[in-house]
Amino acid sequence: MTTPVSAVEKPVRDDELVARLHDGYKQLTGQIHQVIVGQDTVINAVLSCMLAGGHCLVQGVPGLAKTLLVHSIADALHLSFKRIQFTPDLMPSDITGTDIIQEDAETHQRRYEFIQGPIFANVVLADEINRTPPKTQAALLQAMQEREVTASGRTYKLDSPFFILATQNPIEQEGTYPLPEAALDRFMFMVFIDYPSATEEHQIVKQTTTRAKQDISRVLSKQDIHLFQNLVRSAPVSDAVIEYCVRLTRATRSGDPLATAMSNKYLKWGAGPRAGQYMVLGAKAWALITGRITPSFDDVRRVCKMVLRHRVITNFDAEADGISREAVIDDLLNHVTPPK
């Protein structure tokens, strides 16, 4: 059994914390790969997003182990896990919880008691979030932003850490309710899960058609996640890296002096300041899981697409010319240079 990387009471230096985080990350990915074949980029993105204190939106066709991935992370971190299957008839109270009338066994007096919904968990999988109406989506988005739930005039704090991974199915759009841009902006990353390679698919079929069952061992604790999330926030970052994130963000805005030719021609709306914030936090987390205390320009490039792809809106010219958001962001990375 893997020895957990446990939190300690005595103060530790930053370099010791970075080493512990890197070691814990390797143990965690090792446990996940017992049940998940491949998908290294997706695993790194989800873990970086969690360490940075954000939420992640994943898009991929059914059957690519999205649920299994999130459940495995929760098991390895010894965190509570809930799954919400979004449907057109789902109500906000089905997510947040509701008041029910309870009768006291001794006094026989009736009183309202709040029954917590599935949002009260450390890790929540919001499956097919675009299949439920905006009113129900809004209940989830309030919890994401405020880290609290309001019901019957009372506010309930959510447990920390709190991480939501929402999924969308790109192949069926009939009967769906696409998330508005303001709602998409609350997700730190948008990650695409692609089909596995031939070798990986062979291993998946072989591994999942036998009676053998792989158990996930706990390798980190809730206290470790709190400690590592604080480390991401306190990790040093150079002004040059921050300036690079700001340049990439401003380059998406048509008419801005930093905008590229493709941005001016094909983007209707660019990313807001939250994109720069999440780019810095994502670059910090990505650097720390690889054992480095401060992020580089390469770390910014690694997270740039995941931060920007759901924050920019293409115009009619892009649709007419067959230009995707990905192509515009690729052009940004090619033309926006880091500061010297």
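A few remarks follow.
- D_trans [Stokes-Einstein, Kirkwood Rh over alpha-carbon pairs] for the chain, 20 °C, 1.002 mPa s, µm² s⁻¹: 99
- Among 274-286, 25-37, 80-92, sorting by the average number of other beta carbon atoms lying within 10 angstrom of each residue, highest first, gives 274-286, 25-37, 80-92.
- The largest-to-smallest principal axis extents of the Cα set in the stretch 15-135 are 57, 37, 24 Å.
- Summed residue charge, Cβ within 11 Å of S48's Cβ, Lys/Arg positive, Asp/Glu negative: +1
- Of the GluC sites (Glu not before Pro) in the stretch 120-197, the ones in a loop by DSSP (not H, G, I, E or B) with at most 10 other beta carbons within 10 Å are E174.
- 222 nm mean residue ellipticity, helices alone, for the chain (DSSP H n ≥ 4; -39,500 (n - 2.57); rounded to 500): -13500 deg cm²/dmol
- The local environment of A285, defined by Cβ-Cβ distances under 12 Å, has a net charge of +3 under the rule Lys, Arg +1 and Asp, Glu -1.
- Distance distribution note for the stretch 191-306: the fraction of Cα pairs above 16 angstrom is 71%.
Rule-based calculations on the coordinates, nothing more; no lab input. Quick caveat: nothing in here was measured; it's all calculated off a predicted structure. Using ideal geometry, Cβ is built from the backbone for each residue, glycine included, and neighbour counts are taken over all protein chains shown.
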